[in-house]
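Visitor: My structure is below; once you've seen it, I'll send some questions.
The values are calculated or read from the model by the stated rules, or taken from the named source; none is laboratory data. No experiment lies behind these values; they were computed from the predicted model shown. Neighbour counts are summed over all protein chains in view; Cβ atoms, including those assigned to glycine, are modelled from backbone coordinates with ideal geometry.
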Amino acid sequence: MEKIKRFFYRCAEGVGAVSAIGYIAIIVLCVADVALDKLFGTPIEGSYELVERCMVVAVFASFAYAQTKKAHINMMILIERFPRFTRLLSLGLTSIISVGTTAYAAHAAWTQSMTAMKMNQITGILHIPLWPFYTVESIAMYFFAIILLIDTIYIFGAIKNNEWNEQVTEDYGMLIPKPKDTNN
Amino acid sequence: MSMMTLAVLGIVAFLVLILLGMNIGISLLLVGTIGYALAVSPSAALGLLRSLPASQAGTYALMVIPMFIIMGNFTFHAGLSNGLYNFCNKWLSRLPGNLACSTVAASTGFHVICGSIAATTATMGTIAIPEMRKYGYDDRLATGSVAMGGALGNLIPPSTLLIVYGIVAEQSIGRLFAAGIIPAIILLVLTIITIIIMVTIKPNLCPPPHKTPWIERFKTIIEIIPILILFLVVLGGMFSGLFTVNEASALGALTAAIITAIKGRLTWKNFVDIMQKSVQTSAMTFLIIIGAAVFCTFLNITGFPEKLASMIAGLDVSKYVIILIMTIIYLILGAVMDELPMMMMTVPIFLPIAMGLDFSPIWFGVYVVLCMEMGAIAPPVGLACFILAGIAKDVPLGTIYRGAVPYIITILVMIAILTFWPDLATFLPDLIFNE
Amino acid sequence: GSGGKGTDNGGAAGGDLPKIQLSLTLHDPVTSRIAQAMQAWADEVSEKTNGGLTIKLFGSGSLAPGPEALNFVMDGTADIGWLYTMFFPGQFSLTEVVALPMNGPTHPAQTAEVLWDLYEPTPELQQEIDSKVHLLTMYGNPVNFISTTKKPINTLADIKGMKLRCPAGAMTEVMKLWGASPEVVAAGDAYDALQKGNIDGTSWEWQGIEAFKLYEQLRYYMEGMPIYEGVFILGMNKEKWESLPQEYKDVLTETTGRQGSIEFGNIFYEAAEESKKAIMEATKNVEIVNPSPEAIAEFKAIADQYAQTWVQQNSKGGFDAQAYLNKSLELTEKYKR
Ligand code: NA
Ligand code: NA
């Protein structure tokens, strides 16, 4: 299990890097757009559409990675008062529901990708097809579901396994999100 | 089951799930989808999930969120906060409780360039708390002023909360940014007055003020130059009309990166660290934005917001009483919820009420952010307090909360001032954007 | 309730028809004149079905963001959508023949008549719409023209290099051919962009200019050279339509269709006229620009080039796009107001 977890967590870092590249691309695009516009009066055509497409990729690619770092918000205020077993059970059950929810959202995006391809949905100015972006969304959401599933296994495993218990406590058990993981 | 019952059950289900430890964004997504399936049909709910998340993620206006987050992380790594703290400390040295006053002022200033309450609290907490303890400041005063400083900055552009409000309420973000400035300054003054009152009543909270030679003061000016440059690019560019908000956000991120490089802090390791944290914070924010969009669509189809709004608006009381009721609701919600989801859920319901009472949507944005600031420091779920507890590990959370209470009162006073003189919020945007 | 679960057997007065509520998504606020007209239609439907069939309006995109409205209606997430075809690039290209700049109708009801006359004999147009939604009404928005802040546009030379806000689609392409620089600016940001000089003007109609208070910034209104009308389709989810009792279908059909479209078109026209009047009362800063016929001919010659591009793009699968365009132009002339 440890190996599987390490493999998927490494993959998540790669996907997270895609997100970072997406955001950097937006900075470059906007700065170039402003520079070309102010200096030569020739802004980049359809730059806002490109930004929007970058955003779709960057946003969905960030979810699984953020989950490996436990950067998403979970409220521990109530369950931290539960006894250990109840706490893990509550965390595990809500986590398995999260797996189902994200997998369903991934499936929904996949069906939309098919529709968008069939209908040839495109952007207005650059005529960029939309289906690849729904596909990216779908894959990223499935991947998010996988990471959540691995975390769920660890939460349930922590009931019996001491090492896992420490890890889960480190990840969720603390009252206070580490400042380095919380930025807003 | 009536639509109203369904809506209330949905809200309750959401609160129960998050209290059981479920991820906030995903629980919004889940309850919104199931609720929509019950209200309309399962295939309609699937349709909601098919296109809405990508449409939210691909919203041009939302690009400013990751951009300002990246900018904030660069400024954090460039160490701009130290210079700002020195500057405030030297120039405010004659005030009673001078370190607390300068912490609040420096935090507010730092928030201006980084836009994040968490980064501000974490940064200023690291710098100011050891300093204040060294000089014998009471823990309550020390942590309370850091928390308040972090929260206060939310009113000052670029503020994520104002941006998200602008998007939810379909208001010009530029105008909102302008609207926050005067109330922020007044609130800063009120906060400093609060500190002075506190240390006057209880002189043992901190040592008496001291003198700083003028030459010492002027020496600190050079340290805040990079901050002024960022200020100029982002706010100057935006308000002068040279750039749009979106352009200013991207340029701000780039400028912050350049400043970090000039300060010699832009190593590969730092860069990776900055991008990793930015991606994490953006992910957290967008998962909530997407979940809230699905959840709000569900609430809308049930007609709940309208019903609630017409109920409150139908109360036969003065508009000040209604604002008071709203503020109390925010105080309660703020105690148990995080600020971002709280705002996204309440604005669609409360904004129409406020507009019905002749408050402008720009005014309401400032009001809501003040309420959010209250939520950020109010126990038990106060982001700023959590982060402080993480930094000052030997200070009990209870002490931090007690330190925050006087500032909650300060914010309430500010809300009252703003309610009786709404022009304080609308004057500046009208001046800048109208002829 | 809205939609499926709303079909509990409440029983319409006097009959055993189920009570049904349909959701209607639109991106304009419910307070706008056109939304009020839709509300009046909804009330009429409700009255004619003795309260059995109600239509609930969700304005300002509170149900579906404008560009998602088509997806929402096709999936049944919303029952009815007020679909501005330009929000869905490439999806309604034959419908948009009437929106070809300077080659289409200039009155919303005229657009309605032309479109319905094209729809009936053209299977390709029927397919384009009917494959997506059940068609209720279609009409134009009030005619768009260029308005500027600092300099009037009287000739083709005047427009060169001007930064003008315009939506995506044909207008953008024609703007470029004219030598202007089309800018995509969100409606809500147009005011700031005009004020700060990021753009020199917009292509819009009186209602939008009033709603977004652009008249505080604009001065020259090139009403003498109307350019195009976008198309609005009121479309319903197909399964939802099929599921309705025949009595309800009949009421919907008799209050919409060709005649209903013309009525909505007229309301839209009057709404724009009222906005124009309101603007005239609100400010003295209005100059109507009427370019000479020769100048207009210069603009039109270039717009005609684009119409030919449109013909080429749509001549596929044996469809005679040129004949279709000619027919549209002929009908435009026939229904001229
Ligand atoms: Na809170
Ligand atoms: Na709180």
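Visitor: What do you reckon, is B:Ile349 within 16 Å of ligand 2 (Cβ to nearest atom) and under 21 Å from the mean Cα position of the chain (by Cα)?
Guide: Taking the combined requirement at face value, the residue does not satisfy it.
Visitor: Within the stretch A:34-50, can one find any residue that is closer than 19 Å to A:Gly124 by Cα, free of Cβ contacts under 8 Å to residues at least 60 places away in the same chain and at the interface with chain B (Cβ under 8 Å from one of its Cβ atoms)?
Guide: yes
Yes/no matrix, rows are residues, columns are (1) at pLDDT below 95; (2) in contact with a His (Cβ under 7 Å, 6 or more places away or on another chain); (3) within 25 Å of C:Gly197 (Cα to Cα); (4) in a helix (DSSP H, G or I):
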{"site": "B:Met238", "(1), (2), (3), (4)": "yes, no, yes, yes"}
{"site": "B:Phe243", "(1), (2), (3), (4)": "yes, no, yes, no"}
{"site": "B:Asn246", "(1), (2), (3), (4)": "yes, no, yes, yes"}
{"site": "B:Ser249", "(1), (2), (3), (4)": "yes, no, yes, yes"}
{"site": "B:Gly252", "(1), (2), (3), (4)": "yes, no, yes, yes"}
{"site": "B:Ala256", "(1), (2), (3), (4)": "yes, no, no, yes"}
{"site": "B:Arg265", "(1), (2), (3), (4)": "yes, yes, no, no"}
{"site": "B:Val272", "(1), (2), (3), (4)": "no, no, no, yes"}
{"site": "B:Met275", "(1), (2), (3), (4)": "no, no, no, yes"}
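Visitor: On the given criteria, is C:Ala157 among the hydrophobic types (A, V, I, L, M, F, W, C) and either touching a helix residue (DSSP H, G or I) at 6+ places or on another chain (Cβ under 6 Å) or buried (at least 24 other Cβ atoms within 10 Å of the Cβ) (or both)?
Guide: So C:Ala157 does not fit the description; no.
Visitor: Considering only residues of the stretch B:220-243 that are without any contact (Cβ under 8 Å) to a residue 24 or more places away in the chain and under 24 Å from A:Ile44 (Cα atoms), which is farthest from the other protein chains (Cβ to nearest Cβ)?
Guide: My answer is B:Gly236.
Visitor: Does B:Ile328 count as touching a strand residue (DSSP E or B) at 6+ places or on another chain (Cβ under 8 Å) and either within 16 Å of ligand 1 (Cβ to nearest atom) or within 14 Å of another protein chain (Cβ to nearest Cβ) (or both)?
Guide: no
Visitor: Cβ-Cβ distance below 8 Å, separation of 6 or more or different chains: which pairs start in the stretch A:66-88 with a residue that is at the interface with chain B (Cβ under 7 Å from one of its Cβ atoms) and within 29 Å of B:Ser278 (Cα to Cα) and end on one that is hydroxyl-bearing (Ser, Thr, Tyr) and in a helix (DSSP H, G or I)?
Guide: Final answer for the pair search is A:Ala71/B:Thr281; A:Asn74/A:Tyr172; A:Met76/A:Tyr172; A:Ile79/A:Thr86; A:Ile79/A:Ser90.
Visitor: Could I ask something else about it? Just one of (1) surrounded by 16 or more Cβ atoms within 10 Å (Cβ to Cβ); (2) more than 25 Å from B:Ser27 (Cα to Cα); (3) away from every other protein chain (no Cβ under 12 Å); (4) more than 16 Å from ligand 2 (Cβ to nearest atom) trips up B:Ala292, so point out which.
Guide: Checking B:Ala292 against (1) surrounded by 16 or more Cβ atoms within 10 Å (Cβ to Cβ); (2) more than 25 Å from B:Ser27 (Cα to Cα); (3) away from every other protein chain (no Cβ under 12 Å); (4) more than 16 Å from ligand 2 (Cβ to nearest atom), the one that fails is (2).
Visitor: Within the stretch C:192-217, track down each residue that is closer than 18 Å to C:Ile267 by Cα and part of a helix (DSSP H, G or I).
Guide: C:Trp206, C:Gln207, C:Gly208, C:Ile209, C:Glu210, C:Ala211
Visitor: Still on this structure: Checking the structure you have, find out if any residue of the stretch C:267-274 is among the acidic types (Asp, Glu) and in a loop (DSSP other than H, G, I, E, B).
Guide: no
Yes or no, residue by residue, for (1) within 19 Å of C:Val98 (Cα to Cα); (2) at pLDDT 95 or above; (3) surrounded by fewer than 16 Cβ atoms within 10 Å (Cβ to Cβ):
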{"residue": "C:Ser261", "(1), (2), (3)": "yes, yes, no"}
{"residue": "C:Glu281", "(1), (2), (3)": "no, no, yes"}
{"residue": "C:Phe299", "(1), (2), (3)": "yes, yes, no"}
{"residue": "C:Gln305", "(1), (2), (3)": "yes, yes, yes"}
{"residue": "C:Glu333", "(1), (2), (3)": "yes, yes, yes"}
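Visitor: Just to be sure before I move on: is B:Ile167 surrounded by fewer than 22 Cβ atoms within 10 Å (Cβ to Cβ), hydrophobic (A, V, I, L, M, F, W, C) and within 14 Å of chain A (Cβ to nearest Cβ) in the structure I sent?
Guide: Criteria met by B:Ile167.
Visitor: Might you let me know whether the stretch B:27-42 holds any residue that is more than 14 Å from chain C (Cβ to nearest Cβ), crowded, with 24+ Cβ neighbours inside 10 Å, out of contact with any Cys (no Cβ under 9 Å at 6 or more places or on another chain) and among the aromatic types (Phe, Trp, Tyr)?
Guide: So far as the stretch B:27-42 goes, no, none of its residues is more than 14 Å from chain C (Cβ to nearest Cβ), crowded, with 24+ Cβ neighbours inside 10 Å, out of contact with any Cys (no Cβ under 9 Å at 6 or more places or on another chain) and among the aromatic types (Phe, Trp, Tyr).
Visitor: Mind checking which strands (runs of 3 or more DSSP E) fall wholly inside the stretch C:88-187 and carry at least 3 residues that are at pLDDT 95 or above?
Guide: Because the criterion is at least 3 residues that are at pLDDT 95 or above, the strands (runs of 3 or more DSSP E) in the stretch C:88-187 that meet it are C:134-140, C:145-148.
Visitor: Scan the stretch C:6-15 and give yes if some residue there is crowded, with 18+ Cβ neighbours inside 10 Å, over 25 Å from the mean Cα position of the chain (by Cα) and at pLDDT below 85, otherwise no.
Guide: Yes, the conditions are met somewhere in the stretch C:6-15.
Visitor: In the stretch A:107-153, how many are among the charged types (D, E, K, R) and part of a loop (DSSP other than H, G, I, E, B)?
Guide: 0
Visitor: If the requirement is being among the aromatic types (Phe, Trp, Tyr) and surrounded by fewer than 17 Cβ atoms within 10 Å (Cβ to Cβ), which of these qualifies: A:Phe85, A:Phe144?
Guide: A:Phe85
Visitor: If B:Phe286 satisfies all but one of (1) modelled with pLDDT of 80 or more; (2) closer than 21 Å to C:Phe58 by Cα; (3) more than 16 Å from ligand 2 (Cβ to nearest atom), what's the number of the condition it fails?
Guide: Every listed condition holds for B:Phe286 apart from (2).
Visitor: Which one is modelled with the lowest pLDDT, of the residues in the stretch C:33-66 that are within 14 Å of another protein chain (Cβ to nearest Cβ), more than 15 Å from C:Leu234 (Cβ to Cβ) and assigned to a loop (DSSP other than H, G, I, E, B)?
Guide: Looking at the filtered set, the residue picked out is C:Ser60.
Visitor: Do we find that B:Ile323 is in a helix (DSSP H, G or I), under 25 Å from the mean Cα position of the chain (by Cα), more than 16 Å from ligand 2 (Cβ to nearest atom) and among the β-branched types (Val, Ile, Thr) in this structure?
Guide: So B:Ile323 passes the test.
Visitor: Okay, next question. For the stretch B:343-374, enumerate the residues that are crowded, with 21+ Cβ neighbours inside 10 Å, within 16 Å of ligand 1 (Cβ to nearest atom) and not hydrophobic (A, V, I, L, M, F, W, C).
Guide: Correct list: B:Glu373 only.
Visitor: Scan the stretch C:156-192 residue by residue and report those that are over 16 Å from C:Ile302 (Cβ atoms) and within 13 Å of chain A (Cβ to nearest Cβ).
Guide: If the condition is that a residue be over 16 Å from C:Ile302 (Cβ atoms) and within 13 Å of chain A (Cβ to nearest Cβ), then C:Lys163, C:Arg165, C:Pro167, C:Ala168, C:Gly169, C:Glu183, C:Val184, C:Val185, C:Ala186, C:Asp189 are the ones that fit.
Visitor: If you don't mind, another one. Tally the residues that are within 23 Å of B:Ala44 (Cα to Cα) and in contact with a Pro (Cβ under 8 Å, 6 or more places away or on another chain), restricting the search to the stretch C:22-61.
Guide: 4
Visitor: A follow-up question, please. Check every one of the helices (runs of 4 or more DSSP H) wholly within the stretch B:114-230 and list those with 3 or more residues that are over 29 Å from B:Met63 (Cβ atoms).
Guide: B:117-134, B:139-152, B:173-201, B:214-219
Visitor: Evaluate the following for C:Glu68: is it surrounded by fewer than 22 Cβ atoms within 10 Å (Cβ to Cβ), on the phi < 0 side of the Ramachandran plot and not hydrophobic (A, V, I, L, M, F, W, C)?
Guide: So C:Glu68 does not fit the description; no.
Visitor: Name the one entry in C:Gly235, C:Gly260 that is closer than 15 Å to C:Gly140 by Cα and part of a helix (DSSP H, G or I).
Guide: Just a single option satisfies the conditions, and that option is C:Gly260.
Visitor: Look at B:Leu49 and say whether it is of a type in the set (A, V, I, L, M), closer than 27 Å to A:Ser95 by Cβ and either away from every other protein chain (no Cβ under 12 Å) or surrounded by fewer than 24 Cβ atoms within 10 Å (Cβ to Cβ) (or both).
Guide: Against the criterion (of a type in the set (A, V, I, L, M), closer than 27 Å to A:Ser95 by Cβ and either away from every other protein chain (no Cβ under 12 Å) or surrounded by fewer than 24 Cβ atoms within 10 Å (Cβ to Cβ) (or both)), B:Leu49 does not qualify.
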